Amino acid sequence: MEKIKIALCQFIVTDNKIKNVDNAVKYINEASRNEANIVMLPEMFNCPYSNKKFYEYSESKEESYTLNRLSETVKKNNIYLI
């Protein structure tokens, strides 16, 4: 039976989306270096946890900084991301 290693990431979220996504990428890379196959990010990892921030931090699928950075990172590390 093959083993699966799961990494759960938790970090402080700021009001700077770029910094938050960069933090997520940093933790995904670290988890991959530690041989994780699946990495789980916190809920609302790229914006402050506030209903008022949903619209301000939203992105279209076609032009999503968050999705593009995470997709690149997942492919580079050959892992699954939740």
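The values are calculated or read from the model by the stated rules, or taken from the named source; none is laboratory data. Not measured: the values here are computed from a predicted model. Counting neighbours? That spans all protein chains shown, and the Cβs are built from the backbone with ideal geometry, glycine included. The accessibility values were calculated without ligands, DNA or RNA, using every heavy atom of the protein model including side chains. Shrake-Rupley method; radii C 1.70, N 1.55, O 1.52, S 1.80 Å.
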Next on the checklist: Order LEU67, LEU81, LEU8 by their accessible area, 1.4 angstrom probe, all chains in place, largest first.
Outcome noted: LEU8, LEU67, LEU81
Checklist entry - What part of the accessible area of the chain, given as a whole %, is carbon or sulfur when the probe is 1.4 angstrom? => result 52
Next on the checklist: As an exercise, identify the chymotrypsin sites (Phe, Trp or Tyr not before Pro) in the chain lying in DSSP coil whose Cβ has no more than 11 other Cβ atoms within 10 Å.
Outcome noted: TYR49
Checklist entry - Using a Gaussian network for the chain with springs between C-alpha atoms less than 10 Å apart, which of these wobbles most: ASN37, ASN46, ASN20? => result ASN37
Next on the checklist: As I understand it, the value is the acute angle between the Cα axis of helix 17-33 and the longest principal axis of the Cα atoms of the chain; what does it come to in degrees, rounded to 10?
Outcome noted: 0
Item to check | Range in the chain, longest, excluding exposed trypsin sites (Lys or Arg not before Pro) [loop by DSSP; at most 16 other beta-carbon atoms within 10 Å] | outcome: 6-82
Checklist outcome for this item: For the chain, the per residue accessible area (1.4 Å probe, Å²) is 75
Checklist entry - Taking the simple approach of a point 7 Å from Cα along Cα-to-Cβ for both SER71 and ILE12, what is their distance in nm? => result 3.2
Checklist entry - Among all stretches of the chain without exposed GluC sites (Glu not before Pro) (DSSP loop, at most 12 other Cβ atoms within 10 Å), which one is longest? => result 44-82
Checklist entry - Expressed as an acute angle from 0 to 90° and rounded to the nearest 10, what is the orientation of the C-alpha long axis of helix 65-77 relative to the principal long axis of the chain? => result 10
